[in-house]
Amino acid sequence: MKKIIINTIFYFLLSGLVVSCQKDYGNLNGPTEENFLTNPTADNLNNLVTGTESGMRNNMGLYLDDVGTIGRENYRFSPSEPRYITDLLGADSSELTNSNFYIVNTWASRYRVVKNCNLLIEATPNAKLVSPTDKAGYIGFAQTIKAYQLLLCLNQTDTNGIRLDVANPNALGLLSFDDNALDSIQEILDLGKISLTGSTVSFPLSSGFSGLNDAAGLLQFNRALAARVDVYRKDWANALVDLGQSFYGLNNDLYEGIYSVFGTGSGDQVNPAFIPQKQTGEVRVANPSYAQDIIPGDDRISKATLRPNATSQGLNSDRDVWVYTSNTAPMPIIRNEELILIYAEANIQLNNFSEAVTALNKIRSEHNLPDYSGALTQPALINEMLYERRYSLFFEGHRWVDVRRYHLLNTLPLDRPGDNVWGEFPLPVSEPANP
Amino acid sequence: MRKFKFITAFLICIACIPFVSKAQVKPVTGTVLDGKNHPVSGVSVLIVGQPQGTITDEAGKFKLNVPENSTLVFSYAGYRNQTLKWNGSSDLKIDLIEDIARLDEVVVTGLSTSIKRRNLANSVVTLNATQLNGVAPSQTFDQALNGKIIGANINANTGSPGGGLSVKFRGVTSVYGNTQPLYVLDGVFVDNTSTSAGLNFVTGAAAGGSLVSTQDNPSGRISDINAEDIANIEILKGASAAAIYGSRAAGGVVIITTKRGRVGKTQVTFSQDLGMIQVSKLLGVRQFTAATAASLARGDTATGAKFALMFTNAQSKGEIYDYEKEIYGNTGFARNTLVSVSGGNDRTTFYLSAGTKDEAGIVKNTGYRNTSLRFNVDHHISDNVKIGISTNYLNTSANRGLQGNDNTGVTLGIALSSTPDFVQLHPDANGVYPNNPFAASNPLQTLALMQNHEGVNRFISGLGLEAVFQRSEKSVTKFVAGGGFDFYSLQTNVLFPGTLQFQNVNNGTSIQGSTNNLNINAILSLVNSYTVSRNLILTSSAGFTQEDGNYNNILNAATHLIAGQSNIDQAGALTGTQFRTQFQNQGIYIQEEASIIDAVTATVGVRFDRSTNNGDATKFYTYPKAGLSWNLTHSGLMDPNGLFSNFQLRAAYGEANNTPAYGSKFTSMAVSNIGGYTGAIIGLQKGNPDIEPERQSEFEAGTDFSLFAGKLNFTLTYYKKNIYNFLMLVNPPASAGYTSQWFNAGDLQNQGVEMSVNARPVTTSNFVWNTTFNFWLNRSKVTRLTTPSTPQGSFGYVLGSYQIQQGQSATQLLGLDGQNGVAKLGDAEPIFQMNTYNELTFQNKWSLRFLLHWKNGGQNVNLTALQNDFGQTSANFDQLIINPQTQQPMPQGVYRITQVGYSAQQFVENSGYLKLREIGLYYSFSTSANSVIKALQLGVSMTNFFVWTKYSSYDPEVSNFGTGFNTNIDVDPYPATKRADFHISVTF
């Protein structure tokens, strides 16, 4: 009997030894969020920066088609996807529905980048071997990109609002609307400016940031975006201030700025908005009003090249959209031509007409047009500025937003009886409304 | 470090074995006969309370030194145990009685304990070697289980050589988690993973451009095991029986025991099967005319004229082909050889077997090969210590063909679906295949040139040790250790040469996959059996277990190949993925069994279990179990000589869990590069660090009773299985940054009944008929759902989809129902299933055995017919049907296409069937005791030859998405097969 007891105790003591240690295998198949939040290295943070820059391109072809179609810049004919010309143009009884790809996919891609930016903002303070100025650089970059992504979402959903506080997925903030949303976006840009001022940039950026990839350059990028948000908020004075701190230059190249670049390397992407000219099947054609309303001699007609007539469901066009001319053509995020136009717009609204005309004439001369000779009144100059914006920034995602903020949606052409011009997209179906 | 501790513990425990002193003994001899005066060899003769024992020889004789006043127990599988109080005589004669109801059969109930069936609290299904593959051979082990297990819903995913079956006990155990049982082979927990070969890279079945998808039709690793080596299988169907197995037992446990050696002269058995495999059913093709050929152009008159001309030219040259028959009409030749050697003496027995199988498929260049070597040894180191080793080497090679869903038109079924009978696909005199103008691929060219090969090298080795280190009159204590490892290396080789029609962009694709997997498990237990009194025996057991798994899969896809090459460096572009998993489960268990007056058995046990797959890897979860069995006739309450020769009531309860899918607690980052820099962006799936395992609790109650001295036996069982916190992938708000997230989303319930009747209606000296009827049904219900309910697992409401909804069956199929919008159109769960297994023996020479299986009801989502309609090649496309809306006749195919988007009724189709799964006729030659040949048996068998079903596709058993929750979706599978075999088996 004694032997049994001894054996039993012996045995359980031994088993206790073996069982006491327990492993926890991490994720073997890739880094996890936690890997980046705990003691990240500079390389980890650089990966996040690159991932953010790369992720900005996801679903941008769809975004441009979304805002371009409603803004009557282009039609997108696709045999496998008829909703580009039914739902987006409001044909007959078609409506924009909240579960469809045209809002669900773009919104998801933008918020994915916002999440990545929030991760970078949260991770950077935990990086032990990164200098404080470098840390400020990372955070400033993240704030700037985050604001830009939220702005693209707001462009689509407008009065339906966006969600700003999404850092904690288990405690998402409330929806924010209209001017509140714009003001909050401006605040995020301001936080970015504060971080970037006096910071250092030690992370790699693609060639889309060439010339502006240091702290000073990123600060100019930040202020350029702020200038855009200012005009959306109708804050004309600050728009001029912010332009002054950006890379705006009346005599600089129109195409100087920040771009998303594309490539065919491993894991990279090609330009999703590129379609070769004169295709059949998948086609992107310019709205006929583009050629009808252009001033003869304006060289921006080259953005809509002639092609055999394409037709689908009662729509016709004989011009291809030819803005992105190869599958590795870059896509602008913000460039000098827009900044010049912002300068003009702000000055018009502040009644500085001569300054505005100087800027407008710069644009006109770059595009083979004579100087402006119309009336020097605010309404006339606004019309002229909107014309220049329409043609200079064709298929870069601006027309619908401009027309909407000037309450001119009802001036957009209706191509077929029964079509509608929408003012905004619904929120994606997975987004809960504010309680 | 861990292994060192194990070995130390092991050796120290052995060292503590004391010895037992002997008492006065006398030599005794005896003979054991069966009821018909034949001697029985191999009968175990044991002395109660003593370590000594022996086995009877071929003449049924034994010799043993028996102490005074001892009791002898005679036991042998298939016969009732006999107890004899030794009266002092030196020559005994024992007559064994057949155990028709198998009441004395010993069944495993714990990790180291077993119990007689008549005292069992659960309904445990056992299959012996004859039932498993004694009727007809199966290509793989999992196919051998099909239709034979009461309470199981077994569905063959595909007819592809090499297997792939889904085995679900008592309904679905999980939605996203593991639905398959744990397989234990001689104490080794074997791996049953399905590894994709990367076919999605070419087929594009799952959009997104990834290398792998759930639609790649892989086989499961359990199919490697050789069914011919198996002696018996025990199946624990739910937590009430399997709780003691812990983390992986939620879907049940299948305990496989292979053949061991037998005492006596060494026997060599040679058996050979030769067979033919053919397609079970063909759907037929549309007979075209010039007019219908022109209609293939869908209104374009110029192209239509071209097609009509193609048809008339082909017709005049006699070149109208039935391509379905050409592709699936190959007769595959199958051969299966097994040599086994079995022998030993009363201290050591061994079993050695070598088998090879080579079976061609019904599609050219497909087939399956399996080579197996097994060596099992059992040895008594001393009277108290017993050791057993099982080692197995397996080498399998399967060419699986290219079938199933795709978005590129390259699988054989999809290419066929749009290819009419008048196009020329055969190669010309130079061996050059023409392009197929009606599809993206030429299926004859594809099957001739492509390769989809799975090759496995596998070692499964198990060790068992039983050491009695304390023995007295009242108590026996032993140490039981078991465990082993399962290692395999799986190579998948997929090659699509550049000359193929659909490789004009990629110029040749080679996808090479390499997987290594190692599973190790060990169980160390102490078992004590304490006889309190004649009426109470307590068996206590306690122990701990550990399982480790390590899986590493590397998959590389190379395109732009150098002509004729398949190495991934002989290519212009290369993309790869790697997937690894690692886990460790640890558990401690305690179990107490009380046997009261040998008629009431009460069991109570608990297991503490933790796993690295859980959100909290260090937390122990508790899984209790309890069971009660009351044998009324054995306890004296009912007279065993009365109406009921056996009457037993039983009830059992147990809890088990299902660990979360690997990686569900992590939020992984994804790769996103720009400008040559490597970027990390948040992944789309949010992990849940607090993820809990899915928990199962099962209650089971039943009764077994026998009439007519065991000639008629009934078993009735009712069960209720609750699954708590099942996992779901849910869409969070997009502003969170993710598109899916794991949640423990709700509760699920399965209830059902199982009834079994076993009878021996005729037992004469010339004719014996043994028959079993089984009936079983299961109903599932989602009892709680905290996340939004969305369609999932299929292709949406337009075609018919699964959807988890509170209050509804878990396997319901919803779809568009015309005016009614979305409605429930069916359920994948059958209404009930029945099977019958019969053995008729004439004059002890002829034996006719057959298995009939009836699945009543249950629906599939049949999209094969839709593919053929879209491609306008369905056999009945032109037959006229009256359109109910317009009351006008129109071709059936056209009508069915108009219904797409209005009603999914035509896709959700009843898939009930009656299958004569196996039938075999065997003749055993009688041999004299002195001849060299001890046994000679010839036989013929047929498998799947008779299938009665209204289902309109190839076979009602199908799953496009493989093994898992969403089986029964039919998209152009590899067709099911039937086979006929001739057998010969000789024992020397």
TODO: Filter region A:92-119 for residues that are closer than 18 Å to A:ASP65 by Cβ, touching a Phe, Trp or Tyr at 6+ places or on another chain (Cβ under 8 Å) and either open to solvent by less than 10 Å² (accessible area, probe 1.4 Å) or part of a helix (DSSP H, G or I) (or both) and give the result.
DONE: A:TYR102, A:ILE103, A:THR106
Task: First in region A:142-159 and touching a residue at least 40 places away in the same chain (Cβ under 8 Å) and open to solvent by 10 Å² or more (accessible area, probe 1.4 Å), second anywhere and among the small types (Gly, Ala, Ser) and in a helix (DSSP H, G or I), Cβ under 6 Å, 6 or more apart - done: A:GLN143/A:GLY192
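Residue by residue, here is whether (1) in contact with a strand residue (DSSP E or B) (Cβ under 9 Å, 6 or more places away or on another chain); (2) within 30 Å of B:GLU473 (Cα to Cα); (3) at the interface with another protein chain (Cβ under 7 Å from one of its Cβ atoms); (4) at pLDDT 55 or above holds:
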site	(1), (2), (3), (4)
A:LEU13	no, yes, no, no
A:SER20	no, no, no, no
A:LYS23	yes, no, yes, yes
A:PRO40	no, no, no, yes
A:ASN44	yes, no, no, yes
A:VAL49	yes, no, no, yes
TODO: Considering only residues that are away from every other protein chain (no Cβ under 11 Å) and not hydrophobic (A, V, I, L, M, F, W, C), look in region B:458-470 and name the one that is farthest from B:THR193 (Cα to Cα).
DONE: B:GLU466
TODO: Select from region A:220-256 the residues that are of a type outside the set (Val, Ile, Thr), part of a helix (DSSP H, G or I), farther than 12 Å from A:ARG335 by Cα and open to solvent by 40 Å² or more (accessible area, probe 1.4 Å) and list them in ascending order.
DONE: A:ALA237, A:ASN238, A:LEU240, A:GLY244, A:GLN245
Open item on the list: I'm trying to understand the selection: among the residues of region B:254-274, which are under 28 Å from B:VAL940 (Cβ atoms) and within 23 Å of the chain's Cα centre (by Cα)?
Closed with: B:ILE256, B:THR258, B:LYS259, B:ASP273
Open item on the list: Being acidic (Asp, Glu) and modelled with pLDDT of 95 or more: is that true of A:ASP214 here?
Closed with: no
Open item on the list: What's the number of the only condition in (1) open to solvent by 20 Å² or more (accessible area, probe 1.4 Å); (2) within 14 Å of chain B (Cβ to nearest Cβ) that A:GLY263 fails to meet?
Closed with: (1)
Open item on the list: What's the total number of residues in region A:307-342 that are acidic (Asp, Glu) and open to solvent by 10 Å² or more (accessible area, probe 1.4 Å)?
Closed with: 1
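Yes or no, residue by residue, for (1) over 24 Å from A:GLY71 (Cβ atoms); (2) within 14 Å of chain B (Cβ to nearest Cβ):
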site	(1), (2)
A:GLN156	no, yes
A:ARG163	yes, yes
A:ASN170	yes, yes
A:GLY173	yes, yes
A:ASN180	yes, no
A:ILE185	no, no
A:ILE188	yes, no
TODO: For residues that are of a type in the set (Ser, Thr, Tyr) and either under 29 Å from B:ASP747 (Cβ atoms) or not in a strand (DSSP E or B) (or both), tally how many sit in region B:810-851.
DONE: 1
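Residues are listed down the side, and each one gets a yes or a no for (1) in a strand (DSSP E or B); (2) touching a Lys or Arg at 6+ places or on another chain (Cβ under 9 Å); (3) in contact (Cβ under 8 Å) with a residue 24 or more places away in the chain:
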residue: A:PHE262; (1), (2), (3): no, yes, yes
residue: A:THR325; (1), (2), (3): no, no, yes
residue: A:ILE334; (1), (2), (3): yes, yes, yes
residue: A:GLU338; (1), (2), (3): no, yes, yes
residue: A:LEU341; (1), (2), (3): no, yes, yes
Task: Scope region B:54-69; condition surrounded by 17 or more Cβ atoms within 10 Å (Cβ to Cβ) and without any contact (Cβ under 8 Å) to a residue 60 or more places away in the chain; matching residues - done: B:THR56, B:GLY60, B:PHE62, B:LEU64, B:VAL66
Task: Output for region B:626-679, where each listed residue is in a loop (DSSP other than H, G, I, E, B), under 30 Å from A:PRO204 (Cα atoms) and open to solvent by less than 40 Å² (accessible area, probe 1.4 Å) - done: B:PHE666, B:THR667, B:SER672, B:ASN673, B:GLY679
Open item on the list: Can you tell me which residue is nearest to B:LEU524 (Cα to Cα) among those in region B:89-105 that are open to solvent by 30 Å² or more (accessible area, probe 1.4 Å) and at pLDDT 75 or above?
Closed with: B:ILE97
Open item on the list: Quick check on this structure: which one of B:ALA448, B:ALA439, B:ALA429 is in a loop (DSSP other than H, G, I, E, B), surrounded by fewer than 19 Cβ atoms within 10 Å (Cβ to Cβ) and among the aliphatic types (A, V, I, L, M)?
Closed with: B:ALA429
Task: Evaluation of B:LYS325 against (1) closer than 30 Å to B:ILE933 by Cβ; (2) open to solvent by 50 Å² or more (accessible area, probe 1.4 Å) (one fails), failing number - done: (1)
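Got a sec? Which of B:GLY576, B:GLY572 is in contact with a His (Cβ under 9 Å, 6 or more places away or on another chain), open to solvent by 20 Å² or more (accessible area, probe 1.4 Å) and over 30 Å from B:ALA701 (Cβ atoms)?
B:GLY572 is the lone residue from the list that is in contact with a His (Cβ under 9 Å, 6 or more places away or on another chain), open to solvent by 20 Å² or more (accessible area, probe 1.4 Å) and over 30 Å from B:ALA701 (Cβ atoms).
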Open item on the list: Criterion first (open to solvent by less than 30 Å² (accessible area, probe 1.4 Å), in contact (Cβ under 8 Å) with a residue 12 or more places away in the chain and among the charged types (D, E, K, R)) does B:ASP869 satisfy it?
Closed with: yes
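Quick check on region B:681-697: of everything there that is among the hydrophobic types (A, V, I, L, M, F, W, C) and open to solvent by less than 10 Å² (accessible area, probe 1.4 Å), which residue is farthest from the other protein chains (Cβ to nearest Cβ)? Step through it out loud before you land on a result.
So in region B:681-697, the residues among the hydrophobic types (A, V, I, L, M, F, W, C) come out as B:681-682, B:684, B:691.
Next, from what is left, pick out any that are open to solvent by less than 10 Å² (accessible area, probe 1.4 Å): B:681-682, B:691.
Numbers: B:ILE681: 4, B:ILE682: 5, B:ILE691: 13 Å.
Among them, the one singled out is B:ILE691.
Filter region B:457-493 down to the residues that are among the acidic types (Asp, Glu) and open to solvent by 30 Å² or more (accessible area, probe 1.4 Å), then identify the one that is farthest from B:LYS386 (Cα to Cα). Spell out how you get there, then give the answer.
Step one: filter region B:457-493 for residues among the acidic types (Asp, Glu), giving B:466, B:473, B:486.
Add one more test, that the residue is open to solvent by 30 Å² or more (accessible area, probe 1.4 Å), and what stays is B:466, B:473.
Values: B:GLU466: 5, B:GLU473: 21 Å.
If we take residues in region B:457-493 being among the acidic types (Asp, Glu) and open to solvent by 30 Å² or more (accessible area, probe 1.4 Å), then B:GLU473 is farthest from B:LYS386 (Cα to Cα).
Can you name the residue in region B:527-581 that is among the charged types (D, E, K, R) and assigned to a strand (DSSP E or B) and is also farthest from the other protein chains (Cβ to nearest Cβ) among such residues?
Residues of region B:527-581 that are among the charged types (D, E, K, R), as a first pass: B:534, B:547-548, B:569, B:580.
Okay, now just the ones that are also assigned to a strand (DSSP E or B), so B:547-548, B:580.
Values: B:GLU547: 13, B:ASP548: 9, B:ARG580: 4 Å.
The qualifying residue farthest from the other protein chains (Cβ to nearest Cβ) is B:GLU547.
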Open item on the list: When you scan region B:744-756, do you find a residue that is surrounded by fewer than 17 Cβ atoms within 10 Å (Cβ to Cβ), in a strand (DSSP E or B) and more than 14 Å from chain A (Cβ to nearest Cβ), even just one?
Closed with: yes
TODO: Can you work out which of the residues in region B:698-726 that are of a type in the set (A, V, I, L, M, F, W, C) and touching a Phe, Trp or Tyr at 6+ places or on another chain (Cβ under 7 Å) is nearest to the other protein chains (Cβ to nearest Cβ)?
DONE: B:PHE699
TODO: State yes or no: is A:ILE363 in contact with a helix residue (DSSP H, G or I) (Cβ under 7 Å, 6 or more places away or on another chain) and under 23 Å from A:VAL321 (Cα atoms)?
DONE: yes
Task: Those residues of region B:317-347 which are in contact (Cβ under 8 Å) with a residue 24 or more places away in the chain, part of a loop (DSSP other than H, G, I, E, B) and of a type outside the set (S, T, N, Q), in sequence order - done: B:GLU319, B:ILE320, B:TYR321, B:ASP322, B:GLY329, B:ASP346, B:ARG347
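The values are calculated or read from the model by the stated rules, or taken from the named source; none is laboratory data. Keep in mind that what you see is a predicted model, and the values were worked out from it rather than measured. Cβ sites come from the backbone with ideal geometry, for glycine too, and all protein chains shown count toward neighbours. To get the accessible areas, we keep the full protein, side chains included, count just its heavy atoms, and leave off ligands, DNA and RNA. Shrake-Rupley method; radii C 1.70, N 1.55, O 1.52, S 1.80 Å.
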